[in-house]
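Bear in mind these aren't lab numbers, they're just calculated from the coordinates by the rules spelled out. This is a predicted model, so every value here is computed, not measured. Heads up, the Cβs are rebuilt from the backbone with ideal geometry, glycines too, and the neighbour counts pull from every protein chain shown.
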Amino acid sequence: MQLKLDRDVVFFDIEATGLNVIRDRIVQIALIKYFKSGKPPEELTLMINPSMPISEEAIAVHGITPDMLKNKPVFAQVADQLWDFIGNADLGGYNSDRYDIPMLMEEFARVGKELSINNRRTVDVQKIFYKMEPRTLVAALKHYCGKPLEDAHDALADVRATVEVLGGMIKKYKDVDYVDGDGYTHPAPITESIEDLAKFTSETRMLDATQRLKYNPRGEVVFNFGKYVGKPVAETLVKDKQYYHWILEKEFSSQVKQIVRKLVDDHIKAKKSS
């Protein structure tokens, strides 16, 4: 990536114990520093012991468990290293203005360092995405039909626009394949058929109400969260018994636990009989 720099800039991302930037703590931070001098970028990744519980919701997202952090340094022990790495650089990230930057500021404040942004520029890439690719009905009508929305938020005008947008989508995506988040290709799913459209927009691949488990295109039950996202559940849990027991003991739904038990039991029986 080529950036025009008159000051160093650090892009970074944080994984934490939760989403509250005041109460929660950092468990992992990764940074890439780009230099105005043009020298090669430098990277830094640190795992940090938060000295507090990690929420189940957070673990489900990033897969970082307390056992993985028990021998890692606390923030106070890496604060100087981070402080020196960032220096006077500008800061950037994805949703960084609302989450990563304020959380990092709180962590530094606890050890007596003020990470001021008064003289720093910040670049939140998510804001660029949302501003350049808005997801409103007005934007959809302009994008797919090339026209403005008159009488926006009048119910009849909005539903007419919605139908017109659907027509524009069907025309635009005719014969266009869809590649899902797991990298699987679905041949031309957008057609004039309501049945096809309903299948495309539904979540029939999910096995449970909390959407922790799902089917992949091969019909295998895979994880939809955490460090094993996309991996086969049965095969993975037979190998990683600690993760299996973690799921059974923590605050996952009874539905998830029932499914997981059956998958593991069936996998073990199948291996014994083969």
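Is the chain rounded, prolate or oblate when judged by the Cα gyration tensor, a ≥ b ≥ c being the square roots of its eigenvalues, rounded requiring a/c under 1.5 and prolate requiring a/b larger than b/c? Oblate, because a/c is 1.5 or more while a/b does not exceed b/c. Here is the P(r) of region 1-60: all C-alpha pair distances, binned every 10 Å from 0, give 21, 38, 22, 18, 1 in whole percents. In this structure the amide hydrogen of V123, modeled in the peptide plane, comes within under 5 Å of the amide hydrogens of L91, G92, G93, none closer than 5 places in sequence on its chain.
Cross-linked pairs K241/K269; K113/K227; K4/K33: Cα-Cα separations exceed 21 Å for K113/K227.
Tell me, how many Å apart are the Cα centres for region 1-77 and for region 204-248? Taking the Cα centre of each part, region 1-77 and region 204-248 sit 26 Å apart. Evaluating 6.51 cos²θ - 1.76 cosθ + 1.60 at θ = phi - 60° for every residue in region 215-225, the Karplus couplings come out as 8, 8, x, 8, x, 7, 7, 10, 6, 10, 7 Hz, glycine and proline recorded as x. Over the chain, Cα pairs under 8 Å with separation of 6+ residues give a relative contact order of 12 percent. Beta bridges per DSSP, both residues in region 1-160: antiparallel share near 65 percent. Residue exposure proxy: Y173, Y184, Y144, ordered by other Cβ atoms within 10 angstrom of their Cβ from fewest to most, comes out as Y184, Y173, Y144.
Going from the fewest other Cβ atoms within 10 Å to the most, the residues D158, D266 appear in the order D266, D158. 3J(HN,Hα) couplings calculated from phi for region 15-27 with the Karplus curve 6.51 cos²θ - 1.76 cosθ + 1.60 (θ = phi - 60°) are, in sequence order, 10, 9, 6, x, 9, 7, 5, 8, 8, 7, 10, 6, 10 Hz; Gly and Pro show x. For region 137-201, the alpha carbon positions stretch 40, 21, 20 Å along the principal axes, listed from largest to smallest.
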